[in-house]
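Student: One structure is given below, represented as structure tokens, and several questions about it will come after.
The values are calculated or read from the model by the stated rules, or taken from the named source; none is laboratory data. Keep in mind the model is a prediction, meaning the values are calculated, not measured. Cβ sites come from the backbone with ideal geometry, for glycine too, and all protein chains shown count toward neighbours. SASA here: full protein model, heavy atoms, side chains in, ligands and nucleic acids out. Shrake-Rupley method; radii C 1.70, N 1.55, O 1.52, S 1.80 Å.
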Amino acid sequence: MSLLKFQSQSVSRLYFMGAIGLFVGQIVFGIALGLQYLIGDFGFPAVPFNIARMVHTNLLIVWLLMGFMGSAYYLIPEEAQTELHSVKLAKWLFWIFLVAGALTILGYLLVPYATLAAATGNDLIATMGREFLEQPLPTKAGIVVVALGFLYNISMTVLKGRKTAISLVLLLGLWGLALLFLFSFVNPHNLVRDKMYWWFVVHLWVEGVWELILASLLAFLLIKTTGVDREVIDKWMYLIITFALVTGILGTGHHFYFIGLPGYWQWVGSVFSALEPIPFFAMTLFAFNMVQRRKREHPNQAAVLWTVGCAVMGFLGAGLWGFIHTLSPVNYYTHGSQVTAAHGHLAFYGAYVMVVIAMISYAMPILRGREANPQRAQSLEMWAFWVMTISMGVMVLALTGAGILQIWLQRIPADGQAMGFMQTQDQLRFFYWIRLGGGVGFLSGLLMYLGSFFVGEGEQALPATAAA
């Protein structure tokens, strides 16, 4: 029996399955990178370090975008109280996106990057070679086509149906995501302008419009799992996105410290970046407040756990770990060190990975014809939550320790002598082993999460009184 309010929501299942599959690939390449830090020629020459890193980061971006799209296809029909504008278009765009992404990854792995650039028109419009935006020109163009088709589909659905704060904020975030990506096609000869435009994509995605998407998904999940009045949740959401946009846009200045822009950016970037933890702290209060005020106990306690966990870990990763190295005098020493890697891993996991998993955890049982998974499945899923979260904590603490030691040895000269980069890396091996252990633990937790989809069939759902 279908529990879906609108049958077109079922298209989200394709996107969720594709996203999780790409997520597994991202973690596998992450572990390969961890091994390459310790065993320099691991996988060489088949998969050099720069290629493995490119695949790892590109898979992160693609699977999160796919997760956002699946979440929107599930959420928007319910919010708009109408069927999706075109299910057929949504399915076509999924396969185009998946095949283009797979071909791009295969291109990275099988063709030398310079050859790939020459073969895909980089001489025509030079867009390749920049971190996170390494995609060939045809892939970038394909992303734009998919994004425009997706936004057309979602926007038409919203226009013909009910307009809510959640759907409008989500729409604003998704349109902002697509428009800011256009800067990836701009590659000026002036290096300062190039870095500015690069940060317009990278920073204003993850510390700007993605936060709007995060807030709207959290709000939807809290309405569904707590039964708290929509008006209360809308007020919290407006507060959060106001702080997120004000601090996130001007906080871009913390990337302008040392790239040749005027000195006042050191003040602007420091002040507004120091305020960036506020919206994430507000999200934590928001989640706990709504759960405390809940009008009912939802049977899907695993989804509640992911939702609350997202708010907490997002604050720790994007807020606290971002704050510790965002002030200009501190960033002078920490910039590009393993402290940056620690912040990046925890921020992405806490803010964006967990909210997509929360949406999948909530929606997938309903897509399979039940309000919540059986008790054994939810128990395994909640174990997966703790294994993944603790493993990520281990990785982040190891990277933080490595970063502090790296800064001390490499960037604070004793008697005028700073240790060289490779010599410093040798001193960090202890932390890198711990980081690798955390990565293996994280993959184990992810496999447990996947396993929860296949256990406990025919059993009762977890009792509504169970604790999250």
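Student: Hey, TRP306 hits all of (1) hydrophobic (A, V, I, L, M, F, W, C); (2) at pLDDT below 95; (3) in contact with a Phe, Trp or Tyr (Cβ under 8 Å, 6 or more places away or on another chain) but one; which does it fall short on?
Tutor: Every condition holds for TRP306 apart from (2).
Student: Kindly list, by first and then second residue, each pair from a residue in segment 89-103 that is touching a residue at least 12 places away in the same chain (Cβ under 8 Å) to a residue that is of a type in the set (A, V, I, L, M) and crowded, with 16+ Cβ neighbours inside 10 Å, limited to pairs with Cβ atoms under 6 Å and residues at least 6 apart or on different chains.
Tutor: Listed by first residue and then by second, the contacts come to ALA90/VAL11; LEU93/VAL146; PHE94/LEU14; ILE96/VAL146; PHE97/VAL146; GLY101/VAL62.
Student: If a residue must be closer than 17 Å to GLN425 by Cα and surrounded by fewer than 13 Cβ atoms within 10 Å (Cβ to Cβ), how many such residues does segment 39-49 contain?
Tutor: Adding up the residues that qualify gives 3.
Student: Could you list, in sequence order, all residues of segment 148-176 that are open to solvent by less than 20 Å² (accessible area, probe 1.4 Å) and either outside any helix (DSSP H, G or I) or among the hydrophobic types (A, V, I, L, M, F, W, C) (or both)?
Tutor: Within segment 148-176, PHE150, LEU151, ILE154, VAL158, GLY161, THR164, ALA165, ILE166, VAL169, LEU170, LEU174 meet the criteria.
Student: I've got another one for you. Is one or more of the residues making up segment 183-192 open to solvent by 10 Å² or more (accessible area, probe 1.4 Å), without any contact (Cβ under 8 Å) to a residue 60 or more places away in the chain and part of a helix (DSSP H, G or I)?
Tutor: So far as segment 183-192 goes, yes, one or more of its residues are open to solvent by 10 Å² or more (accessible area, probe 1.4 Å), without any contact (Cβ under 8 Å) to a residue 60 or more places away in the chain and part of a helix (DSSP H, G or I).
Student: Now for a separate question. Are any of the residues in segment 417-432 part of a helix (DSSP H, G or I), within 28 Å of PHE280 (Cβ to Cβ) and open to solvent by 10 Å² or more (accessible area, probe 1.4 Å)?
Tutor: For segment 417-432, residues part of a helix (DSSP H, G or I), within 28 Å of PHE280 (Cβ to Cβ) and open to solvent by 10 Å² or more (accessible area, probe 1.4 Å): present.
Student: Do we have LEU59 as in contact with a Leu (Cβ under 8 Å, 6 or more places away or on another chain) and in a helix (DSSP H, G or I) here?
Tutor: Yes, satisfied.
Student: Counting only residues that are open to solvent by less than 10 Å² (accessible area, probe 1.4 Å) and within 17 Å of PRO365 (Cβ to Cβ), which one in segment 283-300 is nearest to the chain's Cα centre (by Cα)?
Tutor: ASN300
Student: Of all the residues that make up segment 4-59, how many are within 19 Å of LYS88 (Cα to Cα) and among the β-branched types (Val, Ile, Thr)?
Tutor: 1
Student: From the list LEU103, LEU84, LEU124, which residue is among the aliphatic types (A, V, I, L, M), at pLDDT below 95 and assigned to a loop (DSSP other than H, G, I, E, B)?
Tutor: Numbers: LEU103 fails: assigned to a loop (DSSP other than H, G, I, E, B); LEU84 fails: at pLDDT below 95.
None of the others qualify; the one that does is LEU124.
Student: Among (1) surrounded by 21 or more Cβ atoms within 10 Å (Cβ to Cβ); (2) touching a Gly at 6+ places or on another chain (Cβ under 6 Å), there is one condition LEU137 misses while meeting the rest; what is its number?
Tutor: Checking LEU137 against (1) surrounded by 21 or more Cβ atoms within 10 Å (Cβ to Cβ); (2) touching a Gly at 6+ places or on another chain (Cβ under 6 Å), the one that fails is (1).
Student: For segment 193-214, give me each residue that is in contact with a His (Cβ under 9 Å, 6 or more places away or on another chain) and open to solvent by 20 Å² or more (accessible area, probe 1.4 Å).
Tutor: Within segment 193-214, LYS195, MET196, TRP199, VAL202 qualify.
Student: Scan segment 382-416 for residues that are among the polar types (S, T, N, Q) and either more than 14 Å from TRP321 (Cβ to Cβ) or open to solvent by 60 Å² or more (accessible area, probe 1.4 Å) (or both) and jot them down.
Tutor: Answer for segment 382-416, where residues must be among the polar types (S, T, N, Q) and either more than 14 Å from TRP321 (Cβ to Cβ) or open to solvent by 60 Å² or more (accessible area, probe 1.4 Å) (or both): THR389, SER391, GLN406, GLN410.
Student: Also, I was wondering about something else. I'd like to check something: does segment 20-29 contain any residue that is modelled with pLDDT of 95 or more, assigned to a helix (DSSP H, G or I) and open to solvent by less than 10 Å² (accessible area, probe 1.4 Å)?
Tutor: Scanning segment 20-29, I find at least one residue that is modelled with pLDDT of 95 or more, assigned to a helix (DSSP H, G or I) and open to solvent by less than 10 Å² (accessible area, probe 1.4 Å), so the answer is yes.
Listed here are the residues, each with its yes/no results for (1) modelled with pLDDT under 90; (2) open to solvent by 50 Å² or more (accessible area, probe 1.4 Å); (3) part of a helix (DSSP H, G or I); (4) of a type outside the set (Val, Ile, Thr).
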position	(1), (2), (3), (4)
ARG130	yes, no, no, yes
LEU179	no, yes, yes, yes
SER216	no, no, yes, yes
ALA219	no, no, yes, yes
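Student: Can you name the residue in segment 221-259 that is open to solvent by 10 Å² or more (accessible area, probe 1.4 Å), β-branched (Val, Ile, Thr) and part of a helix (DSSP H, G or I) and, of all such residues, is nearest to PHE286 (Cα to Cα)?
Tutor: Among residues in segment 221-259 that are open to solvent by 10 Å² or more (accessible area, probe 1.4 Å), β-branched (Val, Ile, Thr) and part of a helix (DSSP H, G or I), the one nearest to PHE286 (Cα to Cα) is VAL232.
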